[in-house]
């Protein structure tokens, strides 16, 4: 349960806020906003709901002072007036939300929930920044393959510039993480780092997400919204899957990159943008240009500096240390103690092509951690699909590229080389005859030479 301090003089609103929030949080009221510092100093509060009643300049000076003295306390502003410049000033001075009266109980509950979630996220980010020599230091990134070493060398040079970067590569190769490394090793490290995945947001909402909108700009726009470009002012904006945005939004994005300014939807105020953009895509943008799906001028604008991230199958030297790093992280998250992987599991990991790259590797290890009952991840813990039918195995064609199909292939190869003598095949695989027998039964493998087929 979080502790919330509410600065509100109106009895009706005090009762309303208490009814709306008391079941979920510990609530305290303080009527005098001028003397609120004493209350904040006397106890720890996770959130302050501050009602603005005085002149705007005085109110925002007080807000700024509160945030400078108590940076860990999130602040939501309530007010009877809602002017665009007031909202912007409140957010720039450190408020996480601005709510105009009257508002519903659901509205304040949602605002409080988001504010507390953002506060927790900020604490995590602050922790990472404090330990960025470990988390974001380029020299600490797992880079054992020549290809990844070259990528890190390139990104070190890119990070000290303000130029736009285009990161390309398959899904799951680490573009999002490396964009954070670029930001936290740049001169903008103390400013916001904002991410948006352009493929996860419907086209009709993406424009508002990027550039914001004025209240009443369209049906459902019941309040002012600050877009990602405005949120990232002075910092870095990571545009993931930029190849998914429409030609219409591409034109607007091009203007922002060229002129460093934009307007919110429904607004006429020009907002200047001091943002460093990092774009990423798993698509072939040059091919999309020839197909008329991506603007050539935008491509050249975002492709000032470019880097291609190699897939995991091309950096096999990184697989084992990555697997151990992910295992440690997942075990801490799931509160389990697992010492490592059996040698055959490591070999399978190195040989499997990993079409989903690091993301797929992480998901596979997480599933194994959940399933394993001992202290070591074994072969039977890492299969990702239901057993393949025997007819599929005997056909020996068109086997789908999955971890389990790769395992089947290795078992069959070892059996053939061992003339279908199981103990010799087990020795080739580096596993016990009992483990091999388990796999033979699991995959439904049979052979006429065997007197007993299980």
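The values are calculated or read from the model by the stated rules, or taken from the named source; none is laboratory data. Note that the structure is a prediction, hence the values are computed from the model and not measured. FYI the Cβ positions are ideal-geometry reconstructions off the backbone, even for glycines, and counts take in every protein chain you see.
The helices (runs of 4 or more DSSP H) found entirely in region 148-249 that carry 2 or more residues being farther than 23 Å from residue 88 by Cα are 175-184, 203-211. Only strands (runs of 3 or more DSSP E) whose full extent lies in region 5-98 are considered here, and the ones with at least 3 residues that are modelled with pLDDT of 80 or more, buried (at least 17 other Cβ atoms within 10 Å of the Cβ) and outside the structural domain of residue 233 (by TED's automatic domain parsing) are 47-51, 74-79. Answer yes or no as to whether residue 351 is at pLDDT 90 or above and surrounded by fewer than 21 Cβ atoms within 10 Å (Cβ to Cβ). So residue 351 fails the test. Pull out all pairs, ordered by first then second residue, where Cβ-Cβ is under 9 Å, the residues are six or more apart or on different chains, the first lies in region 193-208 and is closer than 10 Å to residue 249 by Cα, and the second is in a strand (DSSP E or B) and modelled with pLDDT of 90 or more. Here the result reads 206/196; 207/213; 207/265, each pair linking region 193-208 to a residue that is in a strand (DSSP E or B) and modelled with pLDDT of 90 or more. Candidates are the residues of region 272-283 that are at pLDDT 90 or above and part of a strand (DSSP E or B); the one that is surrounded by the most Cβ atoms within 10 Å (Cβ to Cβ) is 279.
Only one entry in 289, 370, 365, 319 is in the same structural domain as residue 241 (by TED's automatic domain parsing) and in a helix (DSSP H, G or I), namely 289. The residues of region 328-359 that are in a helix (DSSP H, G or I) and in contact with a helix residue (DSSP H, G or I) (Cβ under 8 Å, 6 or more places away or on another chain), listed by number, are 330, 331, 334, 344, 345, 346, 348, 349, 350, 351, 357, 358.
One residue stands out among those in region 325-339 that are surrounded by 15 or more Cβ atoms within 10 Å (Cβ to Cβ) and in contact with a strand residue (DSSP E or B) (Cβ under 8 Å, 6 or more places away or on another chain): the one that is farthest from residue 378 (Cα to Cα), which is 327. Of the residues examined, residue 345 is one that is buried (at least 17 other Cβ atoms within 10 Å of the Cβ) and modelled with pLDDT of 90 or more. Restricting to region 233-251, give me the number of residues that are under 21 Å from residue 295 (Cα atoms) and in contact with a strand residue (DSSP E or B) (Cβ under 7 Å, 6 or more places away or on another chain). Residues flagged as under 21 Å from residue 295 (Cα atoms) and in contact with a strand residue (DSSP E or B) (Cβ under 7 Å, 6 or more places away or on another chain) within region 233-251 amount to 7. Give me the residue from region 215-232 that is crowded, with 18+ Cβ neighbours inside 10 Å and out of contact with any strand residue (DSSP E or B) (no Cβ under 7 Å at 6 or more places or on another chain) and, out of that set, farthest from residue 176 (Cα to Cα). Per the stated criteria, the residue is 224.
Yes/no matrix, rows are residues, columns are (1) touching a residue at least 40 places away in the same chain (Cβ under 8 Å); (2) in the same structural domain as residue 304 (by TED's automatic domain parsing); (3) surrounded by fewer than 16 Cβ atoms within 10 Å (Cβ to Cβ); (4) more than 18 Å from residue 302 (Cβ to Cβ):
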| site | (1), (2), (3), (4) |
| --- | --- |
| 178 | yes, yes, no, no |
| 191 | yes, yes, no, yes |
| 235 | yes, yes, no, no |
| 244 | yes, yes, no, no |
| 251 | yes, yes, yes, no |
| 268 | no, yes, yes, yes |
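Of the residues making up region 373-387, those that are modelled with pLDDT of 85 or more and outside any loop (DSSP other than H, G, I, E, B) are 376, 377. Of all residues in region 143-165, those satisfying the criterion of being surrounded by fewer than 14 Cβ atoms within 10 Å (Cβ to Cβ) and touching a helix residue (DSSP H, G or I) at 6+ places or on another chain (Cβ under 9 Å) are 146, 153.
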